[in-house]
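The structure appears right after this line, and notes come after that.
The values are calculated or read from the model by the stated rules, or taken from the named source; none is laboratory data. The structure displayed is predicted, hence computed values, not measured ones. Cβ placement follows ideal geometry from the backbone for every residue including glycine, while neighbour counts extend to all protein chains displayed. Surface accessibility is based on the protein's heavy atoms, side chains included, excluding ligands, DNA and RNA. Shrake-Rupley method; radii C 1.70, N 1.55, O 1.52, S 1.80 Å.
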Amino acid sequence: KILIIGACGQIGTELTKKLRSIYGSDAVVAGDVRKGDPAFVASGPFEVVNALDYNQVEHVIEKHGVDEVYLMAALLSATAEKNPAFAWDLNMNSLFHVLNLAKAGKIKKIFWPSSIAVFGPTTPKQNTPQFTVMEPSTVYGISKQSGERWAEYYHNIYGVDVRSIRYPGLISWSTPPGGGTTDYAVDIYHKALADGKYTCFLSEETRLPMMYMDDAIRATIEIMQAPAEDIKIRSAYNLSAMDFTPAEIANAIKKEIPNFTIDYAPDFRQKIADSWPQSIDDNSARTDWGWKHDFDLEAMTKDMLEHLR
Ligand code: VAH
């Protein structure tokens, strides 16, 4: 049985649906501190669970016989900068709770999301390697880098089977973005259809690694289904599909919506974006567990607009 903590979030919502379509609704318990929309809750077991409450998490695991946990609850980069103490508390202590439940033998396998935010201003920005300098300059990035260190430690010292991916910016038509710096790449499609124009909070040449949500969900499930011996990296795997700038995604949209216009008004998120890589080398994921992406910018744009129109 699977428990998703943070099931109502940007990734969690789609992950829950996909896992239920693979394993059956009753095999996947959706957990979130928010109640979640009734339709979602009606489609399978749902528990209100606070990722920071060890006893609540343990109770849900025992009540449903859960043996795999996907811990998707976190504050993302932009929100975390506004709430550093809570972001550190939520992002770190929720991970310790789940790692300790696995160490105590109460769950068998954990998925925990890392991010390209673990890289900082001193990291090489082109084709960022799997192993390189990592001096994250955001609260979110610091928590993700620390989380990777602890995940690897719990695997090496206590044999915990925890698996992780450094997600790039994720774009989905069906779930709103969750307070990240890459959220512009979701907002732009909605505004292009609604208003025919978009004011971007990053500058036009800000290149960032990105991925369509379909690819991210598939990667998450594939790394969890891989044989344990194939997962040679227990901090987190670099993962990549594409990288683009606001100008490039705007041009891709203009091919479908010719009159679309974009202008730029960079805000505090520009500094966060400037500290991150522009492109990622994900050869370790491709070699160790057969990762390969499907969606490029053009395919994503077609699929986004098709679903949102
Ligand atoms: C954020 N979407 O912007 C997340 C992600 C790499 C970006 O970590 O914070």
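Quick notes on this one:
- In summary, residue 157 fulfils each of the numbered conditions (1) touching a strand residue (DSSP E or B) at 6+ places or on another chain (Cβ under 8 Å); (2) of a type in the set (A, V, I, L, M, F, W, C); (3) free of Cβ contacts under 8 Å to residues at least 40 places away in the same chain with the single exception of condition (1).
- The strands (runs of 3 or more DSSP E) found entirely in the range 169-263 that carry 2 or more residues being within 16 Å of the ligand (Cβ to nearest atom) are 169-171, 208-212, 242-244.
- Consider the range 72-82 and keep the residues that are open to solvent by 20 Å² or more (accessible area, probe 1.4 Å) and touching a helix residue (DSSP H, G or I) at 6+ places or on another chain (Cβ under 8 Å). The one that is nearest to residue 155 (Cα to Cα) is 72.
- Looking across the range 92-127 at every residue that is open to solvent by less than 10 Å² (accessible area, probe 1.4 Å) and of a type in the set (Phe, Trp, Tyr), the one that is nearest to the ligand (Cβ to nearest atom) is identified as 119.
- If you go through the range 185-221 and keep only what is open to solvent by 40 Å² or more (accessible area, probe 1.4 Å) and among the small types (Gly, Ala, Ser), you end up with just 194.
- Candidate set: the range 283-298, residues that are in contact (Cβ under 8 Å) with a residue 60 or more places away in the chain and either of a type in the set (Gly, Ala, Ser) or assigned to a loop (DSSP other than H, G, I, E, B) (or both); chosen: the one most open to solvent (accessible area, probe 1.4 Å): 294
Yes/no per residue for (1) buried (at least 18 other Cβ atoms within 10 Å of the Cβ); (2) of a type in the set (Ser, Thr, Tyr); (3) closer than 20 Å to residue 128 by Cα; (4) touching a Leu at 6+ places or on another chain (Cβ under 6 Å):
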site: 241; (1), (2), (3), (4): yes, no, yes, no
site: 245; (1), (2), (3), (4): no, yes, yes, no
site: 251; (1), (2), (3), (4): no, no, no, no
site: 258; (1), (2), (3), (4): no, no, no, no
site: 276; (1), (2), (3), (4): yes, no, yes, no
site: 280; (1), (2), (3), (4): yes, no, yes, no
site: 300; (1), (2), (3), (4): yes, no, no, no
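- Positions within the range 128-160 being in a loop (DSSP other than H, G, I, E, B) and open to solvent by less than 10 Å² (accessible area, probe 1.4 Å), in sequence order: 138, 160
- Within the range 151-168, the set of residues being out of contact with any Phe, Trp or Tyr (no Cβ under 7 Å at 6 or more places or on another chain) and more than 8 Å from the ligand (Cβ to nearest atom) comprises 152, 153, 154, 155, 156, 157, 158, 159, 161.
- Pairs with Cβ under 8 Å, 6+ apart, first in the range 215-233 and at pLDDT 95 or above and among the acidic types (Asp, Glu), second open to solvent by 10 Å² or more (accessible area, probe 1.4 Å) and in a loop (DSSP other than H, G, I, E, B): 215/241; 215/293; 215/294; 215/295; 222/290
- Counting only strands (runs of 3 or more DSSP E) that sit wholly inside the range 1-85, those with at least 1 residues that are of a type in the set (Phe, Trp, Tyr) are 46-48, 68-71.
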